[in-house]
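Some notes on the structure that comes next.
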Amino acid sequence: MKKYFSLTRGQQAGFLIWIVLMFFFIIYLALQNSKADFDVEIIPADQADFLTFKPDSAQREISYSENKPQKQIDYFYFDPNTLETAGWIDLGFSEKQAASIISYRQKIGSFKQKTDLKKVFVISEEKYAELEPYIQLNTESQTTQNSVLQNINLATAADLEALPGIGEKMASRILNYRNSLGGFYSMTQLHEVYNLTEEMYQVLVDHFVADASTLKKIQINSASKDEIDKHPYIDFAATASILKKRETEKIQHLNFLLDEKIIDQSKLNMLLHYISFED
């Protein structure tokens, strides 16, 4: 039977080439269409203002405030213990800063010396240097105040609670620690009271003094173990060493605690305020 649709070898080769060319042509058209979808119109620079970064109002305000000329301050002589809000504002402080200064003054009772103002958070070193020549403390009122200071070893809970910043809880801590010590020989010992802040300390030293003549002392040669051991400056090892020493001889000093490296010289000096070697 005769084959009408048979192709010669040359025709077959030509047909295959045509198919390959059509394949690449279709791919080419597809790529062109894809590129057209992503074409972006280029905007002239003079029409692209909206693309330029512009600072917001807050940034413009900051820039303005930084360039704004500072107000001239006419300094005047003042007593920081009596100056009120308006006066502090006239000295260049904001209303909030003035309130902070007055609040700090109320907490500590009063400024006793010029440099006390450096402790106020809102007063920088530079600002203090500007204020210092104009600070005038009323020394007469300070002297009067110091002459009527009370012995802290005789203070009651009510005396302490009446002070600004000293509440019931802190008053109780002070009295408990005072009793465990046998009294304060120095006001600096108040720093040993748990959670007592510098502001509280300043208030206390403005109203009290420590009178060492009223201390309660330990009779080291006759006191019981519990009486010795409960003192804050004497630990278990020191108590044991004292009792052992006392079994063989009368104790006339506590240098043996240094020799045994149970206590250092600084702590021994503190402890000696509370020790009596008499029978």
Simple spin-label estimate for A99/L29, 7 Å along Cα→Cβ, in nm, reads 7.9
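How much of the accessible area of segment 123-229, probe 1.4 Å, is carbon plus sulfur, in whole percent?
Values: 2810 of 5680 Å².
With neighbouring chains kept in place, the figure for segment 123-229 is 49 percent.
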Here, H191 and F15, labelled 7 Å along Cα→Cβ, have an inter-label distance in nm of 10.7
Length gained if S266 through L154 is fully extended, taking 0.36 nm per residue and subtracting the Cα-Cα distance, is 37.7 nm
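Which FRET efficiency value, to the nearest 0.05, do you get for N176 and L215 by plugging their Cβ-Cβ distance into 1/(1 + (r/R0)^6) with R0 = 22 Å?
Details: r = 16 Å, r/R0 = 0.75.
My answer for the efficiency is 0.85.
Pairs K169/K217; K216/K267; K217/K250: which are spaced more than 21 Å apart, C-alpha to C-alpha? Write down the numbers at each step before the final one.
Details: K169/K217 27 Å; K216/K267 18 Å; K217/K250 17 Å.
Listed pairs above 21 Å: K169/K217.
To the nearest µm²/s, what D does Stokes-Einstein give for segment 195-272 at 37 °C and 0.692 mPa s, using the Kirkwood radius over alpha carbon pairs as Rh?
Working: Rh = 14.6 Å.
In µm²/s, the coefficient is 225.
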Given a 1.4 Å probe, the accessible area of segment 145-279 per residue, as a whole number of Å², is 55
Compactness check, segment 147-231: C-alpha Rg relative to the 2.2 N^0.38 Å globular estimate gives 1.14
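The values are calculated or read from the model by the stated rules, or taken from the named source; none is laboratory data. If you're wondering where the values come from, they're calculated on a predicted model, not measured in any experiment. With ideal geometry, Cβ positions are generated from the backbone for all residues, glycine too; neighbour counts draw on all protein chains shown. We work out accessible area using only protein heavy atoms, side chains counted, and drop any ligands, DNA or RNA first. Shrake-Rupley method; radii C 1.70, N 1.55, O 1.52, S 1.80 Å.
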